Amino acid sequence: MTPLLKLSSVKRSYGAIHALKGVDFEILPGEVMGLVGENGAGKSTLVKVISGFDNGFTGDYELNGAPVRFSHPGKAEQAGIAIAQQELSLIPTMSVAENIFMAGHNVPTFANKQSLIKKSRPYLEEVGLEAIDPSVGVDRLSVGEQHLVEVARLIAHDPQVLILDEPTAALGESDSIRILNMVKRLSERGKSIIYVSHRMDEIFKITDRITVLRDGESQEPRAASTLDVNSLVELMLGFELGNMFPEREPLGETASLMNIRDLWPDGLLESVNFDVHPGEILGLAGQLGSGSGEILAAIAGARKTRSGALEYGGESFLPKNPKQAIDKGIAYCSEDRKHDGLFLGRPIRENVSAPSLGSISKMGVMSHKAEASLATDIAEKFTVDVNRLGQDAGVLSGGNQQKVALGKWLSINPKIILVNEPTRGVDVGARAEIYQKLRALAADGAAIVIASTDIQEISNLPDRVITFYRGMQIGEIGLADMTAANILKQITDPFNETNL
Amino acid sequence: MNTDIAVGQTAPNTPGWLARLVDRYSWLVVILVALFLVTFFYGMVTAPNFLTLFNFKTIIRDAALVGIMAVGLTFVTLSGNFFLLSMKETAALAIIAFATAMSQGYGFELAFLFTMAVAVIAGGLQGILIGLGGNPIVVTLGAAGLFFGVASWWSDNLVVSFRRPHGAEWLGSGSFLGLPNITVAFIIIAVVAELVLRYTNFGRQVYLIGANRAAGKATGHENFSMAIKTCIIASACSAFVAIAFSAQVSSAHVNYFSSSFGSSGDMTILVIATVMVAGNSIMGGFGSSLRSSLGAVFISTVDNMMVLHGFNSGPRVLAVGLMIVFSIIVFALVRRGSRVQE
Amino acid sequence: MAKLKNWIIHNPDLAFAILLAVCVYSYFAITNDLFFTHRTSYAIMERFAVLGLVGLALTLCIIAGEIDLSIGSNAALAAVIVVRFTDSLGAGTAALIAMAVATVVGLIQGYFIAYLRIRAIVLTVGTLMLLRGVALFAAEEKTVMLTDFTVPDFISEKMFVYFSPASLLVIGVFVIVGLFMNYTRYGREIYAIGGARKEALASGIDLKRPMIIVFAISGFCAGLGGVIIGLRSGTAQALGLQYLLLAGTVAAFIGGVSILGGRGGVIGAAIGTLTVNFLNTGLVFNVTPAFMVQLYLGVLLMVVIIFQTGSQIFDTYQRRQQILGDVDRMRDELLARKREVEI
Amino acid sequence: YAQKKGSIVSFNGPAGEAYIGRFIKGIKGTAELKGFDIKVYENQFNQAEQDQQVQQVLAAGVLPDVFIWWPSDATAGLGSLRALHKTGVPVLKINQLPNEADKKYIFGYAGPDDRLRARNAGYMMREAAAAKKAAGGTSFNVIALSYPHSYGGYGLSINAFKDAIAGSDLKIIGDVDEGFGQANGYKGAAKLIASVKDQGIDFVYGMDDAILTGGIKALEEAGYKMGTDVIAVGTVCNGDKQLIEEGKQFGTTLQSPLHEGQLAIKLVEEYLETGKLANYINFTPNPSVTKETIETTALKGYDGKLYGISELCSGAW
Ligand SMILES: Nc1ncnc2c1ncn2[C@@H]1O[C@H](COP(=O)(O)OP(=O)(O)OP(=O)(O)O)[C@@H](O)[C@H]1O
Ligand SMILES: Nc1ncnc2c1ncn2[C@@H]1O[C@H](COP(=O)(O)OP(=O)(O)OP(=O)(O)O)[C@@H](O)[C@H]1O
Ligand SMILES: [Mg+2]
Ligand SMILES: [Mg+2]
């Protein structure tokens, strides 16, 4: 069978950084091709090249055996290649229907809102969003729904090749499943699909073949059936990765460091109460919309609350804004690093020192030496390339960005570290490092609270897990009986209504 | 979005440094810049009396007033709060305040403080509205109207004058090491501003908040106070310009800064052009006040060159406009070549 | 009634703009018995003919998340061209040339803005001066003027009580642009790049097209405005029309367009311009000194900004209440279930 | 509502312009005195806007007995003028000399004579030059600080000035047109000095005193002693009185906005009474003012009062 789409020895560099150093890639009609690799391996760059978003590359690109080069995405789209990029690409100020018919040859030149709404319905049903009203603004939808709308738009182009770049990275269990089913159905209809993801389980569930990228170089595509998680990880990293989660041994009884009392963040059904102990990693488990993330934000003063207080350091208070929390030594990483985790346009060095300008300056005058050394040892701790400290954070790939977003908080040497989705869109390699790091920080006596929708992560990293379901605090699970199954049960079906 | 220029366009047998330049910026930029440099230096050498110390001083002095305002405005722009459309009206208000105080016979110091106080209030009010999330353009457009109206009403549209000798003369017409004090002031302000931006926490906060307001908030740097501070800095700079000018001509009038004719065009626009011409990012987070100062010098150099070549205002407006557009394009290309665009 | 309420909730800015317009108009209509007359309405429409165009152009730019500072200079250039060539080539041809030039200027600006990925304000602050220079050059640094005044008399001739050929033409432009913005994909693209530039590009929109369209329209409006002014007064100054930029911006913002881009529309532009014209005409009737006019405009803008800021804050408050409300709705039955389990 | 002696409507620039401010005081005061009803419509000195304004005022449908009309530019105002003329109400043109095109729309002109004041300035400079020569001076280079060349008044002024100094030793070696007002005067002069200073600058002619004031500052900054190294002559007396008292400015030719306003009203009165004007063009006097005469200069206003220099002049007086 001749490949539908074939790239050979594709190179792409950004100034000094070589994102792609000679990649070969192909996909057959009707197959689901998994594209995996560490952060920064070049996955997004590659799919941007394929979909015409990036034509600054060198190398050959063949579609149905004919050489092509797309000057802009529209061309690729006409040739039947559609992409849902890693970053959401919906216009929040516009309605769902308008968003579905935004760009591409399927968009009617003349149309009023009504006709667009009518046209959009079938695609929404296709992705299981028949419930929502196409005329509402997308900013009213949940993140999950937004990703599904994104897919609906993709389908509306009726493409031959669909590219999904980490579509489930921001989604909870149920939404992810919707997407995976979507992909299955499409491939049954003979569409070719390029599926980029860091979630091993997904990859093996749906892909026929897998292409592995390792820092900018591609490997022979393998049939998914011939691989298992470990062998795939080995391919990605180039070496065997043991258990990526650090060892946990039961902690002795310690006086609690902070007590959350009747904290009622917006979006939760009722107030929550729990304690945080020094030296432990506490996990808040819950699907999207369970409110676990909101709790972290509230503790960090980044979200409004109806009531509540933090008993911490002998006093009882509630930060009104992040600054107050920071002054108390509470660090917080939101789930969206690009939005409020990083200064993409500024050097990594400045990103790292941002929370603690006071510590590197005397009477408002800062010492660049102090900053440099601060940045260097944080970078070393988090294995960020020390020579890239001068570059803009924006050029880093997801994993490294996450390391910087997290690492910057070490500069205030925090007592309490709150991390929402610590490894969203982060590859196994970087994940392992981040887990080690968090564990090490805990060992140094900090209290770490993570909220995660990734079941693997939430069941293997923390010492203690508190579960949440639709804005309610459900239960607590100790190290002893901390299994994925137990947790899943509590966060998906606490009132045993459905029998799994 | 990556819009970077592909490398590997470097033609063979080019000298190493050129190759590296092209590698970094692409042919287009290199050629444009070369083109510019050639014309510029041609203009320089052919312009009679251009390359004299005296003329050099003239250029800096000519750049001073706009330059000071531009430096002030740079803080607003870098901090991601766009810019103030009320620069010249603030100056108008300030100059009336100063001259009135002077003519009432409160010496220079009091008049200066009084004027600065007025400027701080003017800037602060705008800053508060902007900090609360008001759209800078609308806020400052409205403020402009108010300030000008108040100034006109206050001065009853008359020229407010105060007789020499007066305590402000040293500023207006004094000189230091052969440089007019206004020039000296410009240089000092430019240097101080740059140092503040580079070596103080405040300066860093300006950049951080400008680069990403949300992340700034998350790391404990609020834009509310930043907007107020930067707006105050900007209007204080306009006020200083007003004071210096009034000190020089020992009088004041609301219209001193809105001369609609001549190559100077609209003062506010000229100031904004000055900030932009040197490649500061309008979205904030990237640039420096040094760029603005140089921008001011650049514009007045071009203008000066034209005068020395004996052109009158028409062609000069054309030339200055052309140069501004040109350098804006070049800077845009350079940044495309070297930085990531979010 | 509920419908109206709903509409107001969905576009508060426009609603406020209309309210403002009504207030200003009725204030003068009540306090000055000369104001509420056919002639006055006619005069207002005559003013609308020019300011409206600029307001429209700037509204579009702002919707696209940009602003065109060069609009006044562009208009001046067009005015000079049309006045210079009317005698030799006839008004029609001259007008066409002028508008063509202005449109092409806008088009080129749009192209560069999209190609260089820079903010329009950065480029247009330069072209603002550049075009003045060109205009001066075109006018040979003199005030150009017509010798034959049949055209001026024609275009400001009264029609249908309130209108003149000029104002009718402009209203036509408004209608066409309005349809374009609301019912074509190109219009939607313009809203898209204004509402969320990055996302729009990521979804495959080619920035060049909408950007070029917006600035071409802006150039066209400037050109038409310049032509109307030039022909109406029969003279043109290269350095004139600087006030258009500010007046137009004021009009646009009073019309309720949001600086964040992606919101606002043609109707708003019309309302905003009318409000400014009401105010202006009314103040002229009350023989108000020039600086007071500026002061009142300033006040008007302040009212607008305070409203906009206020409504932003109110909006966030609303959203919060909505969240809390949703929660409370779900609460009882879910908690009930939870209790069951616990018991 | 012209129950009084008659009603007047005046269109002019903004009172924000020092000169126009005085002019408005002039017409208002005198109109008051002579029992006229007067309305003064200001516009930001910008023809397009004045055209609109005229439109609006006419729209009110209440016509005065006379229009006083001050165009922002000698030629640009034609549109407004024609609109005014169409109403059938007589129009008196102010400040900008009538040209062929608008002669048929107005019944007369009141205001300054750009040429006369420039010529007087020229004559003053001649005197000064003669004196300098007598004292053994040898170089007589003049720099001119001009209005923008695109502005109507420029041609009139520069030509008249040239005529006046023709045949003397004075010769113009530089001319810069940065723009109106002190700021531009300074900027322009500073650049001009740089370009011609090695030829030697001995005289400076400012097209009005505002520009000249800026110019004088620039010269002083460049190290010239005003009054000894360089002799400055301006016009209009809208600059800085003290410069003349200090001898830094040799002299100026008085052009009084107040006077201009009064003259306008006088002509209106004359026209309304007799149905015509004794003479079509009426200039305000342009006596030359120097350090010696500055305190003694005075003009009898058309309201009969005698005005001293400080009331007559605009600017910092
Ligand atoms: N616009 C850019 N400018 C400079 N370097 C870039 C740019 N975009 C990507 N890179 C670099 O190219 C490399 C590949 O980036 P890419 O986003 O393709 O990685 P990825 O495999 O998608 O990572 P992730 O899984 O985190 O998305 C990274 O090292 C990144 O730093
Ligand atoms: N803008 C308007 N909208 C609705 N009705 C109006 C408007 N203007 C005037 N009218 C009504 O029409 C009446 C007649 O107005 P008016 O006598 O001023 O017309 P006019 O000035 O004579 O018109 P023209 O001179 O152009 O024929 C007004 O008293 C008013 O009741
Ligand atoms: Mg990626
Ligand atoms: Mg009537």
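The values are calculated or read from the model by the stated rules, or taken from the named source; none is laboratory data. Quick caveat: nothing in here was measured; it's all calculated off a predicted structure. All Cβ positions, glycine included, derive from the backbone under ideal geometry; neighbour counts span all protein chains shown.
Between a residue in the stretch C:291-307 that is within 7 Å of chain B (Cβ to nearest Cβ) and any residue that is outside any helix (DSSP H, G or I), which pairs come within a Cβ distance under 8 Å, given they are 6 or more apart or on different chains?
C:291/B:157; C:291/D:14; C:291/D:15; C:291/D:16; C:304/C:256; C:305/B:134; C:305/B:135
Looking at B:24, B:61 in this structure, which one is at pLDDT 90 or above, out of contact with any Cys (no Cβ under 7 Å at 6 or more places or on another chain), away from ligand 4 (no atom under 16 Å from the Cβ) and within 10 Å of another protein chain (Cβ to nearest Cβ)?
Values: B:24 fails: at pLDDT 90 or above.
Only one candidate passes the filter, namely B:61.
Take the stretch C:144-166 and flag every residue that is of a type in the set (Val, Ile, Thr), in contact with a Ser or Thr (Cβ under 8 Å, 6 or more places away or on another chain) and assigned to a loop (DSSP other than H, G, I, E, B).
Selection gives C:161 alone.
Between a first residue in the stretch C:27-44 that is at the interface with chain D (Cβ under 8 Å from one of its Cβ atoms) and a second residue that is more than 16 Å from ligand 1 (Cβ to nearest atom) and of a type in the set (Lys, Arg), which pairs have beta carbons less than 8 Å apart while being 6 or more apart in sequence or on different chains?
C:42/C:158
Can you find, within the stretch D:57-84, the residue that is farthest from the other protein chains (Cβ to nearest Cβ) among those that are away from ligand 2 (no atom under 16 Å from the Cβ) and over 22 Å from residue D:260 (Cβ atoms)?
Here is the first cut: in the stretch D:57-84, the ones away from ligand 2 (no atom under 16 Å from the Cβ) are D:64-82, D:84.
Subsequent filtering for residues that are over 22 Å from residue D:260 (Cβ atoms) retains D:79, D:82.
Values: D:79: 3, D:82: 7 Å.
Top of the filtered list is D:82.
Which of the residues belonging to the stretch A:387-398 are touching a residue at least 12 places away in the same chain (Cβ under 8 Å), surrounded by fewer than 24 Cβ atoms within 10 Å (Cβ to Cβ) and part of a helix (DSSP H, G or I)?
The answer is A:388, A:394, A:395.
Have a look at A:90, A:124 and point out the one that is part of a loop (DSSP other than H, G, I, E, B) and within 26 Å of the chain's Cα centre (by Cα).
A:90
Only one residue in A:448, A:455, A:491, A:434 is at pLDDT 90 or above and either more than 24 Å from residue A:300 (Cβ to Cβ) or touching a strand residue (DSSP E or B) at 6+ places or on another chain (Cβ under 8 Å) (or both). Which one? Steps first, please.
On the way: A:455 fails: at pLDDT 90 or above; A:491 fails: at pLDDT 90 or above; A:434 fails: either more than 24 Å from residue A:300 (Cβ to Cβ) or touching a strand residue (DSSP E or B) at 6+ places or on another chain (Cβ under 8 Å) (or both).
When all the criteria are applied, what remains is A:448.
Out of the residues in the stretch A:26-56 that are at negative phi, more than 12 Å from ligand 1 (Cβ to nearest atom) and within 11 Å of another protein chain (Cβ to nearest Cβ), state the one that is surrounded by the most Cβ atoms within 10 Å (Cβ to Cβ).
Looking at the filtered set, the residue picked out is A:51.
With the requirement that a residue be touching a Leu at 6+ places or on another chain (Cβ under 8 Å), within 18 Å of residue A:352 (Cα to Cα) and more than 7 Å from chain A (Cβ to nearest Cβ), what does the stretch B:206-229 give you?
Those that are touching a Leu at 6+ places or on another chain (Cβ under 8 Å), within 18 Å of residue A:352 (Cα to Cα) and more than 7 Å from chain A (Cβ to nearest Cβ): B:206, B:210, B:216, B:221.
Looking only at the stretch A:382-418, how many residues end up being within 16 Å of ligand 3 (Cβ to nearest atom) and either of a type in the set (S, T, N, Q) or more than 13 Å from chain B (Cβ to nearest Cβ) (or both)?
7
Going through C:263, C:331 one at a time, which residue ends up being within 13 Å of chain B (Cβ to nearest Cβ), surrounded by fewer than 23 Cβ atoms within 10 Å (Cβ to Cβ) and of a type in the set (Lys, Arg)?
The conditions single out C:263.
Of the conditions (1) facing another protein chain (nearest Cβ under 9 Å); (2) of a type in the set (Gly, Ala, Ser); (3) farther than 22 Å from residue B:154 by Cβ, residue B:258 clears all except one; give me its number.
The single condition residue B:258 does not satisfy is (3).
Within the stretch A:10-46, how many residues turn out to be under 29 Å from residue A:205 (Cα atoms) and either assigned to a loop (DSSP other than H, G, I, E, B) or not assigned by TED's automatic domain parsing to the domain that holds residue A:231 (or both)?
9
Identify, from the list C:55, C:72, the residue that is within 11 Å of chain D (Cβ to nearest Cβ) and of a type in the set (Gly, Ala, Ser).
On the way: C:55 fails: within 11 Å of chain D (Cβ to nearest Cβ).
The conditions single out C:72.
Would you confirm, using the coordinates I've provided, whether residue A:253 is within 14 Å of chain C (Cβ to nearest Cβ) and either touching a His at 6+ places or on another chain (Cβ under 9 Å) or within 16 Å of ligand 4 (Cβ to nearest atom) (or both)?
Values: within 14 Å of chain C (Cβ to nearest Cβ): no; either touching a His at 6+ places or on another chain (Cβ under 9 Å) or within 16 Å of ligand 4 (Cβ to nearest atom) (or both): yes.
No; evaluated as a whole, the condition is false for this residue.
Counting only residues that are facing another protein chain (nearest Cβ under 10 Å) and either not in a helix (DSSP H, G or I) or not aliphatic (A, V, I, L, M) (or both), how many does the stretch C:97-125 have?
7
Conditions tested, residue by residue: (1) within 9 Å of chain C (Cβ to nearest Cβ); (2) crowded, with 24+ Cβ neighbours inside 10 Å.
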residue: B:277; (1), (2): yes, yes
residue: B:283; (1), (2): yes, no
residue: B:290; (1), (2): no, no
residue: B:303; (1), (2): no, yes
residue: B:310; (1), (2): no, no
residue: B:334; (1), (2): no, no
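Would you say residue A:475 is more than 23 Å from residue A:165 (Cα to Cα) and either touching a strand residue (DSSP E or B) at 6+ places or on another chain (Cβ under 6 Å) or at pLDDT 90 or above (or both)?
Considered against the rule, which asks whether it is more than 23 Å from residue A:165 (Cα to Cα) and either touching a strand residue (DSSP E or B) at 6+ places or on another chain (Cβ under 6 Å) or at pLDDT 90 or above (or both), residue A:475 comes out as yes.
Which residues, taken from the stretch A:17-32, are under 17 Å from residue A:159 (Cα atoms) and of a type outside the set (D, E, K, R)?
If the condition is that a residue be under 17 Å from residue A:159 (Cα atoms) and of a type outside the set (D, E, K, R), then A:27, A:28, A:29, A:30, A:32 are the ones that fit.
Looking for something surrounded by 24 or more Cβ atoms within 10 Å (Cβ to Cβ) and within 14 Å of chain D (Cβ to nearest Cβ) - is there at least one such residue anywhere in the stretch B:234-241?
yes
Residues C:169, C:128: which one is closer than 21 Å to residue C:244 by Cβ, within 7 Å of another protein chain (Cβ to nearest Cβ), part of a helix (DSSP H, G or I) and touching a helix residue (DSSP H, G or I) at 6+ places or on another chain (Cβ under 9 Å)?
Going through C:169, C:128 in turn, just one is closer than 21 Å to residue C:244 by Cβ, within 7 Å of another protein chain (Cβ to nearest Cβ), part of a helix (DSSP H, G or I) and touching a helix residue (DSSP H, G or I) at 6+ places or on another chain (Cβ under 9 Å): C:128.
If you go through the stretch C:180-214, how many residues are more than 8 Å from every other protein chain (Cβ to nearest Cβ), of a type in the set (A, V, I, L, M) and over 20 Å from residue C:104 (Cβ atoms)?
Adding up the residues that qualify gives 2.
Looking at the stretch D:121-169, which of its residues are of a type in the set (Lys, Arg) and under 30 Å from residue C:235 (Cβ atoms)?
D:162
With respect to the numbered conditions (1) among the polar types (S, T, N, Q); (2) in contact (Cβ under 8 Å) with a residue 40 or more places away in the chain; (3) at the interface with chain B (Cβ under 9 Å from one of its Cβ atoms), which one is the sole condition not fulfilled by residue D:235?
(3)
Out of all the residues in the stretch D:83-111, which are more than 22 Å from residue D:22 (Cα to Cα), among the basic types (Lys, Arg) and surrounded by 21 or more Cβ atoms within 10 Å (Cβ to Cβ)?
If the condition is that a residue be more than 22 Å from residue D:22 (Cα to Cα), among the basic types (Lys, Arg) and surrounded by 21 or more Cβ atoms within 10 Å (Cβ to Cβ), then no residue fits.
Would the stretch C:8-30 turn up any residue that is of a type in the set (Ser, Thr, Tyr), over 22 Å from residue C:168 (Cβ atoms), out of contact with any His (no Cβ under 7 Å at 6 or more places or on another chain) and within 16 Å of ligand 2 (Cβ to nearest atom)? Please lay out each step first, then the result.
Taking the stretch C:8-30 first, the residues of a type in the set (Ser, Thr, Tyr) are C:25-27.
Those still in the list that are over 22 Å from residue C:168 (Cβ atoms) too: C:26-27.
Adding the requirement that they be out of contact with any His (no Cβ under 7 Å at 6 or more places or on another chain) leaves C:26-27.
Okay, now just the ones that are also within 16 Å of ligand 2 (Cβ to nearest atom), so C:26-27.
Looking through the stretch C:8-30, at least one residue is of a type in the set (Ser, Thr, Tyr), over 22 Å from residue C:168 (Cβ atoms), out of contact with any His (no Cβ under 7 Å at 6 or more places or on another chain) and within 16 Å of ligand 2 (Cβ to nearest atom).
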